[in-house]
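Just so it is clear, none of the values below were taken in a lab; they were calculated from the coordinates. All values derive from a computational prediction rather than experimental measurement. Heads up, the Cβs are rebuilt from the backbone with ideal geometry, glycines too, and the neighbour counts pull from every protein chain shown.
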Amino acid sequence: MKLITNNTNINGHVSNDTVNEFEQTILSDSIVQQVKSINPLRFKIRFLLYRFLRFFFSFSSRKICKKFIDKPLKDNGHLLTIMMGLDVEKYRQYGLFTCHNRSIYLFDAWPHDYDKIVSFVETFKINFVFVSASQSAKVLNGILGNRTIVNWVPEGINPQEYKFNSFENKNIDVLALGRKYDLYHEKILPYFENNAVTYLYEKVKGQLIFFSRQEFINGLADAKISICVPSSITHPERSGNVETMTIRYLQSMASKCLVIGHAPKEMIELFGYNPVIEIDMDEPVEQIKTILSKYSNYIEFVEKNYKTVCKHHTWLNRWTIIKNSLSKDKEML
């Protein structure tokens, strides 16, 4: 099996870190070989040469074309790509010429992208699509099921990449990473502004709270409460009705934060219980005040979430699901 990875070094953006975490887990498997998308100029030259040779020999001998042009470029192995959105260039520059069997793992498969996803899958003749959102997997399987298998594989985490401070030494009371739930934020903000309680959030839209990977990890380790709400609530124009568990929930739990927000239905299904303290929109300030004043009462719950994540929701767990799905067809691995 071959795994396409980025040509460039992973930068500090948390989305790239997420892809990198999963890729490194897959590469730890001895059956997987790392490959990189080729240089764009080399790709264009190779593509033009391929088209020319195929055109020329198709007239003189189809056997020559099939034996010496098509077959060497495509082997019987399997090509896998992890994608944060449809990174067409990352795939095309390597995937166009290699491997009869192809699959992708796709984050952020939102409804407004379904047509693009279907077009991508059909263009590159993808055999398996693994999607992080259960609702999207169901819809796409209905569209592509006759020719491509679509499976739900939730996001995961490598807990060893994160750390946590003791509950007594956590000095950030409440942390809201990334997109805010504006309605909730506006209700709780006055309390934090008028009291000696630490609340970190995105003060300018699109501006990071932590500017490096290490600051991000340290910040989570320092937080008592992490606010996590699905994109379907904060950005319905992007996510539509797709309510899915993202890695932010798992990162918070791996850092032993108490998660307040809303648990997607699929997350409750995965955990076997609700690992999130659901927001009380009627009395949001009172809820936070009560939790912070009686934080020790939630330590057992935080520890339960941490142990559940470490046991059942790692990237190794997710890779096992994917590998088992592919191994059902002996030619796929």
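The simple Förster model, with R0 at 51 Å and r as the Cβ-Cβ distance, assigns Ser30 and Thr198 a FRET efficiency of 0.65.
Descending by average beta-carbon neighbour count within 10 Å, the peptides 243-253, 120-130, 302-312, 205-215 line up as 243-253, 120-130, 302-312, 205-215, the highest first. Between amide H atoms placed 1.01 Å from N, distances below 5 Å from Lys36 occur with Thr5, all of them 5 or more places distant or on a separate chain. Here the peptides 288-297, 78-87, 135-144 are ranked by packing, the mean other Cβ count within 10 Å, and the order with the highest first is 78-87, 135-144, 288-297. In plain terms, the chain from Tyr191 to Asn324 could stretch by 42.9 nm, reckoned as 0.36 nm per residue minus the Cα-Cα distance.
Using the Cα centre as the reference, give the magnitude of the dipole from point charges on the C-beta atoms of segment 159-312 (Lys, Arg: +1; Asp, Glu: -1; all else neutral), rounded to the nearest 20 debye. That gives a dipole near 460 debye. Under 16 Å from the 7 Å Cα→Cβ point of Asp113, by amide nitrogen: which residues of segment 139-158? In segment 139-158, the label zone of Asp113 (backbone N under 16 Å from the point 7 Å along Cα→Cβ) covers 139-141, 151-156. Amide hydrogen proximity for Arg102: with H placed 1.01 Å from N in the peptide plane, the residues at 5 or more positions away or on another chain lying under 5 Å are Leu79, Asn127, Phe128.
Look at the Cα gyration tensor of segment 159-312: its axes a ≥ b ≥ c give a/c under 1.5, and that counts as rounded. Which residue, chosen from Asn317, Phe271, Ile260, occupies the Cα position most advanced towards the positive end of the dipole of segment 242-333, where the dipole is computed from +1 (Lys, Arg) and -1 (Asp, Glu) charges on Cβ about the Cα centre? Positive-end residue among those listed: Asn317. In this structure, Glu286 and Asn317 have a Cβ-Cβ separation that, at R0 = 35 Å, corresponds to a calculated FRET efficiency of about 0.40.
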